[in-house]
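Read-outs throughout are calculated quantities, based only on the coordinates presented, and are distinct from any laboratory measurement. From a predicted model like this one, the values you see are computed outputs, not experimental measurements. Neighbour counts run over all protein chains shown; Cβ positions are idealised from the backbone, glycine included.
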Amino acid sequence: MTNFEFYYKLTYRRAKDETRIHWHRDDPPRLLTEAVKAGGHGRALDIGCGTGVNSVYMAQHGYSVTAVDFVPQALPFGIRRAEREGVKIEFVAADITKFETAGNFDLILDFGCFHGFNEKDRLLYRDKLLSWLAEGGQYVLGHFYRSDAFGIGPRGRKKEEIENFFAPELKLENFILETDGKAISQYRFRRGMLE
Ligand SMILES: C[S@@+](CC[C@H](N)C(=O)[O-])C[C@H]1O[C@@H](n2cnc3c(N)ncnc32)[C@H](O)[C@@H]1O
């Protein structure tokens with residue numbers, strides 16, 4: 001088990017409610033709302049879904065959602081939220097680097113999962129993402145821009161580095177550099193249509 005996995009497991013196991021989970025937000029990220037406005041239907045995948053806020057948001061906006069997290073204790077938060085909101089979501093406990101699905105997703109979201117990966121898993125992840133994202137589909141990513149000064153937690157990466165990593169298949173359509181101190185940046189990519 002990696003340090004990250006241990007940390008995530010401990011956080012969800014200890015959390016009596018969502019307010020104890022420091023990355024939990026009740027509102028979806030801005031570029032997810034933008035992607036939903038631009039798309040608004042089809043299949044969506046929430047990678048590292050956590051408490052399921054964004055999975056529920058996508059389901060409420062007409063997507064058929066698969067939500068994956070490798071900490072089984074995270075899923076009940078999302079399951080309860082989906083029940084409360086009256087939406088159906090397929091929740092799966094799995095490591096995304098080992099997850100198998102037929103793919104063809106119109107919208108893939110990863111808010112805070114990918115930036116914790118080592119180099120080997122980053123490459124695996126990219127291959128999987130590209131095999132799952134439909135032509136013309138959107139990929140929304142939330143990723144640390146700056147690393148912690150003491151080297152704790154996910155490594156930050158600059159915009160160019162992220163953009164190059166997913167090129168040429170994915171084209172960046174919008175980017176937000178957060179300035180509120182959390183240093184998590186938002187990216188909205190689109191997969192180019194094949195000629
Ligand atoms: C910072 S949290 C963000 C959760 C959620 N996306 C949100 O915005 O509230 C990152 C999540 O990714 C999950 N995660 C990390 N690595 C993963 C992996 N390899 N496979 C599946 N889930 C993973 C963690 O368990 C955690 O729930």
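Below, the figures for the structure above:
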quantity: Added length on full extension, which subtracts the Cα-Cα distance from 0.36 nm per residue, Val92 to Lys171; calculated: 25.6 nm
quantity: Unit charges on C-beta of K, R, D, E only; dipole of the range 3-191, Debye; calculated: 280 debye
quantity: The range 3-191 - share of DSSP beta bridges that are antiparallel (%, nearest 5); calculated: 40 percent
quantity: Phi to ³J(HN,Hα) by Karplus 6.51 cos²θ - 1.76 cosθ + 1.60 over the range 136-142, Hz, x for Gly, Pro; calculated: x, x, 10, 10, 10, 10, x
quantity: Environment charge at Lys171 (Cβ cut-off 13 Å; Lys +1, Arg +1, Asp -1, Glu -1); calculated: -1
quantity: Which of His41, His24, His115 has the fewest Cβ neighbours within 10 Å, and the rest in rising order; calculated: His41, His24, His115
quantity: Cut-off 13 Å between beta-carbons: net charge of the residues surrounding Glu119, Lys and Arg +1, Asp and Glu -1; calculated: +3
quantity: Dipole-positive endmost among Phe4, Asn174, Val36 within the chain (Cβ charges, Cα centre); calculated: Phe4
quantity: Average Cα contact separation per residue, the chain, under 8 Å, 6 or more apart, as relative contact order %; calculated: 18 percent
quantity: Positive-pole candidate from Pro154, Phe114, Ser131, dipole of the range 113-177, charges at beta carbon; calculated: Pro154
quantity: Footprinting exposure proxy for Thr19, Thr33 (fewest neighbouring C-beta atoms within 10 Å first); calculated: Thr19, Thr33
quantity: Added length on full extension, which subtracts the Cα-Cα distance from 0.36 nm per residue, Ala102 to Ala134; calculated: 10.4 nm
quantity: For Phe111, distant residues with modelled amide H under 5 Å away; calculated: Ile47, Gly142
quantity: Cut-off 10 Å between beta-carbons: net charge of the residues surrounding Ala94, Lys and Arg +1, Asp and Glu -1; calculated: -2
quantity: Spatial separation of Cα centroids for the range 87-103 and the range 1-34, in angstrom; calculated: 18 Å
quantity: Rounded, prolate or oblate (a/c below 1.5 giving rounded, otherwise prolate when a/b exceeds b/c) for the range 3-191 by Cα gyration tensor; calculated: rounded
quantity: Lysine pair number, Cα distance threshold 20 Å (strictly under), the chain, separation 8 or more or different chains; calculated: 11
quantity: Ascending count of other beta-carbon atoms within 10 Å, so fewest first, for Ser55, Ser64; calculated: Ser64, Ser55
quantity: Coil-residue chymotrypsin sites (Phe, Trp or Tyr not before Pro) of the range 145-174, DSSP, other Cβ within 10 Å capped at 15; calculated: Phe150
